[in-house]
Amino acid sequence: MNAWKEVSVLPVTSIREAIRILDESAKQIVLVVNENNRLLGTVTDGDIRRSILKGMSLDEPIQEIMNPDPTVAMIDEGRENILAAMQRTRLHHIPLVDENHCLVGLETLDELIQSRTRENRVVLMAGGLGSRLRPLTDECPKPMLKIGNKPLLETILENFIEYGFRRFYISVNYMADVVKSYFGDGSRWGVDIDYLHEDQRLGTAGALSLLPEKPTESLFVMNGDLLTKVNFKQLLDFHSGHRAQATMCVREYDFQVPYGVVKINDHRIISIDEKPVQRFFVNAGIYVLEPEALDLVFPNTYFDMPTLFEKLINLKKETAVFPIREYWLDIGQLSDYDRANGEFMRVFA
């Protein structure tokens with residue numbers, strides 16, 4: 001009953017500590033209070049990921065990123081009214097306060113609806129050739145390579161299942177029978193699996209034209225060669241909260257220039273930056289799409305996901321980026337495969 005107290009912190013608490021609380025708590029929110037337990041604000045996973053996108057230090061106090069005016073409910077307000085407010089505002093958490101605005105509880109959408117099963121469909125892309133992993137992929141498609149004690153694609157599937165997803169499509173091309181014979185209809189995992197057969201390579205977005213029907217809920221798409229612990233519930237909440245047509249997961253990538261970079265003006269040296277580190281956000285191969293976005297994908301046409309995002313951007317549609325702060329590794333080369341096997345038990349055990 002008092003589990004909300006475990007996610008209550010003072011405003012001087014660091015963002016780093018807030019991340020730890022979010023990861024360890026089932027509540028997925030941090031409640032910021034003063035010494036008298038008066039609610040000052042809230043911090044969600046989305047707030048933290050936006051701070052990462054802004055380049056903020058994780059040692060900054062949480063008050064710098066909190067929402068100082070969260071939606072709240074009075075302690076005596078009925079649960080049906082609170083649930084209606086959540087559905088109307090697309091909120092997943094509402095703090096409960098007394099007449100003095102002191103924190104006395106927390107209602108969450110998951111607990112109110114008492115259901116973890118999600119209707120969203122998930123498309124896993126497993127049709128690539130895996131050329132850079134030869135000879136390992138000469139007789140085995142890349143998503144079926146064993147990492148730890150199971151195929152990579154099975155780990156991906158189980159991660160989605162953990163967050164309540166039950167309806168899957170697997171896009172297959174190269175050595176499709178290996179994938180189909182292993183996963184079958186998904187009943188072994190208690191889920192439904194259907195297959196999208198690419199007679200020709202269609203790209204990460206083109207394969208979506210093979211869906212037998214247009215989905216009615218937000219659609220997940222993920223490359224089948226990624227090892228990650230990304231929180232898919234938080235990703236879906238982030239996408240929904242930003243009312244995006246499409247959300248792309250991104251990963252921070254650092255590159256150190258091995259030389260001194262000289263800034264010039266005509267023939268004059270303005271400054272010299274010795275071996276600077278450049279930081280970028282790169283595409284992480286995980287996406288959430290609204291059904292309307294699929295109208296831009298044409299049958300039998302090679303179409304990659306970045307091209308779909310470019311079209312949405314040109315049409316002035318809302319697109320969002322979701323920064324991954326969890327474990328993420330693209331199994332693109334033999335060195336990545338060796339690293340994944342070395343880290344699997346520590347991260348996924």
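Read-outs throughout are calculated quantities, based only on the coordinates presented, and are distinct from any laboratory measurement. Keep in mind that what you see is a predicted model, and the values were worked out from it rather than measured. With ideal geometry, Cβ positions are generated from the backbone for all residues, glycine too; neighbour counts draw on all protein chains shown.
Across the cross-link table entries K54/K263; K214/K311; K146/K233; K150/K180, which are compared at the Cα atoms, the separations over 23 Å belong to K54/K263; K146/K233. Relative contact order for region 3-113: 24 percent, from Cα pairs under 8 Å spaced at least 6 residues apart, divided by residue count.
Using the alpha-carbon atoms, what tilt in degrees (0 to 90, nearest 10) does helix 305-314 show relative to the longest principal axis of the chain? Helix 305-314 and the main axis of the chain meet at about 60 degrees. Amide H contacts for V9 (H built 1.01 Å from N in the peptide plane; partners 5 or more residues away or on another chain; cut-off under 5 Å): L31, V32, V33. Taking only the Cα atoms of region 211-343, the radius of gyration and Dmax are 19.2, 63 Å.
If R0 is 51 Å, the Cβ-Cβ spacing of Q200 and M345 corresponds to a FRET efficiency of close to 0.85. Sparse packing (at most 10 other Cβ atoms within 10 Å of the Cβ) combined with a DSSP loop state is found for the following GluC sites (Glu not before Pro) in region 128-167: E139. The length gained by stretching the chain between D338 and D304 to full extension, at 0.36 nm per residue less their Cα-Cα distance, is 9.5 nm. Counting 0.36 nm for each residue step from L53 to D69 and taking away their Cα separation leaves a gain of 3.6 nm. Where only DSSP H runs of four or more residues are counted, the chain gives -7500 deg cm²/dmol as its mean residue ellipticity at 222 nm, each run worth -39500 (n - 2.57).
With N as its number of residues, region 165-251 has a Cα radius of gyration that, divided by 2.2 N^0.38 Å, comes to 1.18.
The trypsin sites (Lys or Arg not before Pro) of region 255-318 meeting both criteria, a DSSP state outside H, G, I, E and B (loop) and at most 16 other C-beta atoms within 10 angstrom of the site's C-beta, are K316, K317. Under the criterion of Cα pairs below 8 Å and six or more residues apart, the relative contact order for the chain equals 15 percent.
The computed Kirkwood radius over Cα pairs in Å for the structure shown corresponds, within (1) 22.4; (2) 21.3; (3) 23.1, to (1).
For the pair I272 and N36, a Förster radius of 51 Å applied to the C-beta separation gives a FRET efficiency near 0.45, rounded to the nearest 0.05. When you filter the chymotrypsin sites (Phe, Trp or Tyr not before Pro) in region 206-273 for DSSP loop state and at most 13 other Cβ atoms inside 10 Å of their Cβ, you are left with Y259. Around V104, which amide H atoms from residues at least 5 apart in sequence, or from another chain, sit under 5 Å from its own amide H, with H modelled in the peptide plane? Amide H neighbours of V104: L96, V97, D98.
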